[in-house]
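We did not get these values from a lab; they are worked out from the coordinates using the rules stated. Since we're looking at a predicted model, the values are computed, not measured. Because the Cβ atoms are built from the backbone with ideal geometry, glycine has one as well, and the counts that use them run over all protein chains shown.
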Amino acid sequence: MYDVVDSDLLESDPLALPNRELTTTMVNRVLASLVQSLVGAVENAFEKVGRVGQGGLLLAVLELKLLHKSLAAFCSPETEERLKDVYMNRIVKIYSGMLPLFVL
């Protein structure tokens, strides 16, 4: 990864960039907000789905599980529960066949 900040600029003017800790906090808050919005979009999308077959069920659960694991650092407990509800309950409700019991 390339360093996009000129090191001479930082040495000559330490106030040229915001405090790194502040920046990290802001980035985490923005990412948490984006994840919360994304979960809302996922919930809305699955409300519009009438039925899904076994392949669709498996694909949706795996993709949402991957999304959940990838973004877990930015999920609030509420967002985490909402996402789990989507792939553990909502998708199962729209599944058109008999679902064997399984644990993810």
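Assorted remarks:
- A simple packing score, the average count of other Cβ atoms within 10 Å per residue, orders the peptides 45-53, 81-89 as 81-89, 45-53, with the highest score first.
- Each residue of segment 53-65 was assigned a 3J(HN,Hα) from its phi angle through the Karplus expression (A = 6.51, B = -1.76, C = 1.60, θ = phi - 60°), giving x, 4, x, x, 4, 5, 4, 5, 5, 5, 5, 5, 5 Hz with x at Gly and Pro.
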